[in-house]
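The values are calculated or read from the model by the stated rules, or taken from the named source; none is laboratory data. Computed from a predicted structure; not experimentally measured. Positions of Cβ are generated from backbone atoms using ideal geometry, with glycine treated the same way; all protein chains shown enter the neighbour counts.
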Amino acid sequence: MKNGHIQHTQAATTSTTSAPTSTPTSAEPARAGSETRGQPGTVARQRRDVHTPASETQAVNADDGGAALPVVAQPAQLDPEDPLIWRVMISALYHQKRERFLDGVDRCSQAIGMLGGAAAFAAVFTTPGGFSVPGAIVAVVGAGALCYGPGAKARRHAELARDYKSLHAAIVRCGAPLTVEQRCDFDARILLLEANEPAALGALVTQCHNELSVALDRAHAVTPLRLRERLFANWIDFDQTPAEKPKELP
C-alpha cells in the first residue's frame, strides 16, 4: 500500500512536471493583439504626418484618436509682379546701379588726380618752365569731378535705394491682400520719394526692368537694348519710347 501510494505520487508529480508551467491569460493575447494592430497604425500616422499639409494635421490627429494640434496659418505672400511691388523693386535697383557707378567714377577721379598731381609735382623740377601734361590732366579731372559731383550724387542714390528698400519691407510686412487704404498710402509714399529723385535715365531703367524680369522667370517681358544703349546707359538718357507708325486720321 505504501509502495502504491509512492507510485501514485510519482505519477502525479510526473504529470504535473510535463504540463506547461504557465498558461497565458486572456489579457495577454488581447494586449499582444492590440500592440500588433497598433504598429501599422503608428507607421501610417507617421507617414501621414510627413506627407500631410499643415492644414490637415489637426484632422488626421483627431481621426487617430490623438490630441488635436493647433494649425498655424501661414501669411499670404505678395506677388512680386504686383504693380506696387514691381515699381518699388525697379526704383531700388535703379538707384543701386547709379550709386555703384557714381561711386566708381568718384574713386577713379580721385586716383587720377592723386597720380597726376604726383607726376606734375615731379615734372616741375625736371622741366622748369615747360608745359606739364600731368598737370593738365589733373586740372581737367579735378574740374570735372568738382562740377559733376559724383561723390555727392552717389550718396544721394544710396539714400534713395535705402528708402525704397525700407518701403518694400513695409509692404511685405502688411501681407496679402492689401486693402485699398494701404495701397493708397504706399502710392503716396512712393510719390514723395519720386519727388526727390533726379531725372531717370531711360536705358538704365529698361536694363533694370530686364534684369528683374529674368530673375522672376518673365523672359517674355524683356526689352532688347542696343549696344550703344548698354554701353552708355549711365551717361546718356536714351529715349525708350517704342517706335510706332503714326496712325492715319479718319
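Okay, residues lined up against (1) among the charged types (D, E, K, R); (2) modelled with pLDDT of 80 or more; (3) under 30 Å from GLU181 (Cα atoms):
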{"residue": "ASP103", "(1), (2), (3)": "yes, yes, no"}
{"residue": "ARG107", "(1), (2), (3)": "yes, yes, no"}
{"residue": "GLY113", "(1), (2), (3)": "no, yes, no"}
{"residue": "THR126", "(1), (2), (3)": "no, no, no"}
Just one listed residue, out of ALA145, ALA169, ALA188, is in a helix (DSSP H, G or I), modelled with pLDDT of 80 or more and in contact with a helix residue (DSSP H, G or I) (Cβ under 8 Å, 6 or more places away or on another chain), and it is ALA145
List the residue pairs whose Cβ atoms are under 9 Å apart, where the first residue sits in segment 211-235 and is more than 19 Å from MET89 (Cβ to Cβ), the second is among the charged types (D, E, K, R), and the two are 6 or more positions apart or on different chains. ASN234/LYS97; ASN234/ARG98
Which pairs have Cβ atoms under 9 Å, sit 6 or more apart or on different chains, and link a residue in segment 163-186 that is closer than 13 Å to TRP86 by Cα and touching a residue at least 12 places away in the same chain (Cβ under 8 Å) to one that is polar (S, T, N, Q) and part of a loop (DSSP other than H, G, I, E, B)? VAL172/GLN77
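Residues checked against (1) more than 22 Å from the chain's Cα centre (by Cα); (2) buried (at least 17 other Cβ atoms within 10 Å of the Cβ); (3) in contact (Cβ under 8 Å) with a residue 60 or more places away in the chain:
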{"site": "PRO134", "(1), (2), (3)": "yes, yes, no"}
{"site": "LEU146", "(1), (2), (3)": "yes, no, no"}
{"site": "ARG156", "(1), (2), (3)": "yes, yes, no"}
{"site": "LEU160", "(1), (2), (3)": "no, yes, yes"}
Filter result for the condition that a residue is modelled with pLDDT of 85 or more and either surrounded by fewer than 16 Cβ atoms within 10 Å (Cβ to Cβ) or on the phi < 0 side of the Ramachandran plot (or both), over VAL88, VAL71: VAL88
Which of the residues spanning segment 209-242 are within 17 Å of the chain's Cα centre (by Cα) and either within 26 Å of ASP106 (Cβ to Cβ) or acidic (Asp, Glu) (or both)? GLU211, ASP217
